[in-house]
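Below: one structure, written as structure tokens.
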Amino acid sequence: MPKTWRNHVLLAYSLAIIAFLYLPLVILAAYSFNASRVNAVWSGFTVDWYLSLFKNRRVLEALTNSLIIAFFSTIVSTILGTTAAIALNRYKFKYQNVINGLLYLPILIPEIVMGLSLLVLFSQAHFPLGKGTLVLAHITFCVSFVVITVNARLEGMKPEYEQAAMDLYATPWQTFRYITLPIAMPGIVAGALIAFTLSIDDFIISFFVAGPNSTTLPLYIYAMVKRGISPEINALSTLMMIVTVSLVIIAQILQPQHTSKKEE
């Protein structure tokens, strides 16, 4: 099909949208290598800000907190989300649509509302704020994303596979272990990576439920910004951006395209 002026306009519009989204991130990454402490002036290339960043004890402590919280919240949310996705996909029961809506609700609720509601809950339950409340809070919004990702994978799975295993006298556990779980595994891993990414990047909900000695990396970046933007913030933000984008790309690669059960 020959190109027309409409194709050129559509291409230019798409490139403009991509530039609008990613150009600020590219500029931030570029200025993380700026030798000057003033972001508005470029005075040469250097990696000193990255070196000083890794020598900063508070940064390493915040990074450790983020990784610990993300690890435990990912493990729990992946287990809960996978079991919920299998149950919703394989079994039909009363009020299933209501349960589906409740599972997706954390995605729709504004984060500031969710963070405030969790803070009120923990306060009323006299639960001390800290790493524990952060893990619980992160699980509440990570589970929904795991359910969606795993359920998309299960939707493309033909029920004949499990039926064939049952016909060969496989027990329900054997069918799950050797048939269902391997087929669903790409979706499970993708959901886990998305959950880890969301947890390690979360700021708004963490801001409400974090306590003493539980400062995460996004909270630390916010505290640094209040004191003034420095190249160290650019370096730290660039590293977080690289990790986040890498995990999202891996998750997208592992997550297969949705196929209908009626195909073939």
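The values are calculated or read from the model by the stated rules, or taken from the named source; none is laboratory data. Because the structure is a prediction, the values reported are computed rather than measured. Reconstructed Cβ throughout: ideal geometry from the backbone, glycine too, with neighbour counts over all protein chains shown. Heads up: the accessible areas ignore ligands, DNA and RNA and are worked out on the full protein's heavy atoms, side chains in. Shrake-Rupley method; radii C 1.70, N 1.55, O 1.52, S 1.80 Å.
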### Query
Sorting Met185, Met157 by accessible area (1.4 Å probe), largest first, what list results?
Met185, Met157
### Message
At 20 angstrom or more along the helix axis (alpha-carbon based) and mean Kyte-Doolittle of 1.6 or higher, what helices does the chain contain? Whole DSSP H runs only.
### Response
181-201, 231-254
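Quick one: dipole size for the chain, taken about the Cα centre, charges +1 on Lys/Arg Cβ and -1 on Asp/Glu Cβ, in debye to the nearest 20.
With only Lys, Arg, Asp and Glu charged at Cβ, the dipole is about 260 debye.
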### Query
Taking the Cα atoms of segment 175-232 alone, what are Rg (to one decimal) and Dmax (as a whole number) in Å?
18.0, 58
### Query
How much of Lys158 can a 1.4 Å solvent probe reach, expressed as accessible area in Å² and rounded to 10?
50
### Query
Hey, any idea what Rg/Rh is for segment 132-211, computing Rh the Kirkwood way over Cα pairs?
1.17
### Query
For Pro172, what charge total do you get from the other residues with a beta carbon under 12 Å from its beta carbon, if Lys and Arg give +1 and Asp and Glu give -1?
+1
### Task
For the chain, with all protein chains present and a 1.4 Å probe, just round the carbon and sulfur fraction of the accessible area to a whole percent.
71
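Listed highest first by mean packing, meaning other Cβ atoms within 10 Å per residue, what order do 161-167, 42-48 come in?
On the way: 161-167: 13.9, 42-48: 11.1.
Taking the mean over residues of other Cβ atoms within 10 Å, the ranking is 161-167, 42-48.
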### Query
Under the definition of Cα pairs under 8 Å and six or more residues apart, what whole-number percent is the relative contact order of the chain?
31
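Could you calculate the contour length gain from Leu15 to Met185, that is, 0.36 nm times the residue separation minus the distance between their Cα atoms, to one decimal place in nm?
Values: separation 170, 0.36 × 170 = 61.20 nm, distance 3.51 nm.
Between Leu15 and Met185, full extension yields 57.7 nm more.
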### Message
Quick check for me: using +1 on Lys/Arg Cβ and -1 on Asp/Glu Cβ, what's the dipole size of segment 82-234 about its Cα centre, in debye to the nearest 20?
### Response
200
### Message
Name the residue from Tyr169, Gly211, Val150 whose Cα lies farthest towards the positive end of the charge dipole of the chain, charges +1 on Cβ of Lys and Arg and -1 on Cβ of Asp and Glu.
### Response
Gly211
### Message
Which of the three applies to segment 1-147, rounded, prolate or oblate, going by the alpha-carbon gyration tensor with a ≥ b ≥ c and a/c under 1.5 meaning rounded?
### Response
oblate
### Query
What do you reckon, how do Tyr222, Tyr22 stack up by accessible area (1.4 Å probe), largest on top?
Tyr22, Tyr222
### Task
Report relative contact order for segment 1-158 in percent, whole number only (criteria: Cα-Cα under 8 Å, sequence separation at least 6).
25
## Note on the structure
Accessible-area order for His126, His8, His138, largest to smallest, probe 1.4 angstrom, reads His126, His8, His138
